[in-house]
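What follows is one structure encoded as structure tokens, with my remarks underneath.
The values are calculated or read from the model by the stated rules, or taken from the named source; none is laboratory data. Since this is a predicted model, take the numbers as computed values, not measurements. Neighbour counts run over all protein chains shown; Cβ positions are idealised from the backbone, glycine included.
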Amino acid sequence: MKFDKSQLLIYAVTDRAWTGKMSLYEQTEAALKGGATMVQLREKGLRDDNVEEYLEEAKKMRALTEKYNVPLLIDDNIKLAKACGADGVFTFLSIVKNI
């Protein structure tokens, strides 16, 4: 999927600490229904050695964002992004400089 600046109008970043009574999936769907044009799955505990713990949820998020025709980015983990079929990976420049 090619990105377009129109996809950056409402950029939703997930965070389990903010879900309250809703699941991460429910909160993301609410953001998509509200007009989110891109979603970044951000899991602070995600590392290369525990990708499997997050893979099933990432696949569900991928299916959800596809339903709304919205790109999904995975925060800082290329392995998980590839495994779930995400559209890309979000990284900070400092991370890229250290590779």
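Overview of results
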quantity	calculated
Count of residues meeting criterion [modelled with pLDDT of 90 or more and either farther than 18 Å from residue 71 by Cβ or in contact with a Gly (Cβ under 9 Å, 6 or more places away or on another chain) (or both)] in segment 31-57	2
Residues satisfying the stated conditions in segment 35-50, i.e. part of a helix (DSSP H, G or I) and crowded, with 19+ Cβ neighbours inside 10 Å	none
Any chance residue 72 is buried (at least 19 other Cβ atoms within 10 Å of the Cβ), without any contact (Cβ under 8 Å) to a residue 60 or more places away in the chain and touching a Lys or Arg at 6+ places or on another chain (Cβ under 6 Å)	yes
Meets criteria (within 14 Å of the chain's Cα centre (by Cα) and of a type outside the set (Phe, Trp, Tyr)) for residue 47	no
Qualifying residue in segment 5-26 (condition: part of a loop (DSSP other than H, G, I, E, B), crowded, with 17+ Cβ neighbours inside 10 Å and in contact with a strand residue (DSSP E or B) (Cβ under 8 Å, 6 or more places away or on another chain))	yes
